[in-house]
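Have a look at the structure below, then the notes.
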Amino acid sequence: KQQQIGLSHYYDFL
Amino acid sequence: MFEAKLQQGGLLKKILESVKDLVVDGLWDCDGAAITLQGMDSSHVALVEMLLRAEAFEHYRCDRNVTLGMNHNHLSKILKCANNDDIVILKAADQNPDSCSLILESKNGEKTSDFVVSLVRIDTDQLGIPETEYSAHVKMSSGEFQRICRDLSQFGDAVQITCSKQDVKFSSSGETGKANITLTHSATVDKEEESVTVDLKEPVDLTFALRFLNLFTKATPISDTVTLSLSQEAPLVVEYKIGDSGHIRYFLAPKIQE
């Protein structure tokens, strides 16, 4: 089973 | 006053087609140098960043920085009224405008259409995207990439992309079965848009949702080639150049084995 990661795992909100 | 005149209206049509299904509305930041748009899908898994420099415009005037909250469906409806060879002029006041004007001029100058679209208030989250050294860059035909994503979607909802020195492999599997498409690094780059070049620092093996990739490939008409940038510890970047005066970049976070 694969789990989708979110972008905020990699990038910070401004 | 913000005013920008684009000789080839078709380009703006293609840009809207590239973003409207991923980002319903977005902030178009206009300053003296360029128009930039950054928007995320509702699940914050994918992001699109569009940059169109002032030099792309036959006439570009931006006395003060202005941010236009655009509803991409409304804008797309207006641009559906434009022919590819129409001149398109974007106009907005630069003090908190609540609307934006679009004027379409036919090539033979006999038909002028003008539209006013209300701007929307958007409190969208913006992400800071750091400069990243990627382990692999794959440059290939944009049509080929679109075809691979479409074909593999029949086999599964995710594509595993593995890059090695010689080639890049796209795999998908589901109840239909398993599919692998391997592109070998072209030895000779005679026709750029038909060759595949893999620039590899280290091998990568990542999995992405095809639903988003098939939204990204809506930008295919913008450029003959597309560049994929991959690293194990970073989202995928899918970049379409807008001539040499801009780009559309899509970012997609990977799926991981639970």
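Taking the range B:29-69 as the search range and keeping residues that are acidic (Asp, Glu), surrounded by 14 or more Cβ atoms within 10 Å (Cβ to Cβ) and more than 19 Å from B:Cys100 (Cβ to Cβ), which one is nearest to the other protein chains (Cβ to nearest Cβ)?
Selected residue: B:Asp41.
Is it the case that some residue within the range B:211-220 is hydroxyl-bearing (Ser, Thr, Tyr) and in contact with a Leu (Cβ under 8 Å, 6 or more places away or on another chain)?
no
Would you be able to tell me the number of residues in the range B:142-172 that are touching a Lys or Arg at 6+ places or on another chain (Cβ under 9 Å) and either more than 14 Å from every other protein chain (Cβ to nearest Cβ) or among the charged types (D, E, K, R) (or both)?
6
Could you count how many residues in the range B:32-60 are part of a strand (DSSP E or B) and among the hydrophobic types (A, V, I, L, M, F, W, C)?
10
Filter the range B:239-258 for residues that are of a type in the set (A, V, I, L, M, F, W, C), surrounded by 22 or more Cβ atoms within 10 Å (Cβ to Cβ) and within 14 Å of another protein chain (Cβ to nearest Cβ) and give the result.
B:Phe251, B:Leu252, B:Ala253
I'm checking my understanding of the structure. Among residues of the range B:72-92 that are in contact (Cβ under 8 Å) with a residue 12 or more places away in the chain and assigned to a helix (DSSP H, G or I), which one is farthest from B:Glu3 (Cα to Cα)?
Out of the qualifying residues, it is B:Asn73.
Regarding the range B:93-111, can at least one residue be identified that is outside any strand (DSSP E or B), more than 24 Å from B:Arg249 (Cβ to Cβ) and in contact with a His (Cβ under 7 Å, 6 or more places away or on another chain)?
No: zero hits.
Which of the residues spanning the range B:174-211 are surrounded by fewer than 15 Cβ atoms within 10 Å (Cβ to Cβ), of a type in the set (S, T, N, Q) and modelled with pLDDT of 95 or more?
Once the filter is applied, which keeps residues that are surrounded by fewer than 15 Cβ atoms within 10 Å (Cβ to Cβ), of a type in the set (S, T, N, Q) and modelled with pLDDT of 95 or more, the range B:174-211 yields B:Asn180, B:Thr182.
Can you give me the number of residues within the range B:4-31 that are assigned to a loop (DSSP other than H, G, I, E, B) and under 17 Å from the mean Cα position of the chain (by Cα)?
Count: 5.
Looking at the structure I just gave you, is B:Pro221 more than 14 Å from chain A (Cβ to nearest Cβ), of a type outside the set (D, E, K, R), over 22 Å from A:Tyr11 (Cβ atoms) and surrounded by fewer than 14 Cβ atoms within 10 Å (Cβ to Cβ)?
The answer is no for B:Pro221.
Based on what the data block shows, is B:Leu127 in contact with a strand residue (DSSP E or B) (Cβ under 7 Å, 6 or more places away or on another chain) and at pLDDT below 95?
yes
The values are calculated or read from the model by the stated rules, or taken from the named source; none is laboratory data. Remember, it's a predicted structure, so these values are computed and weren't measured experimentally. For neighbour counting, all protein chains shown are included, and Cβ atoms are generated from backbone atoms with ideal geometry for every residue, glycine included.
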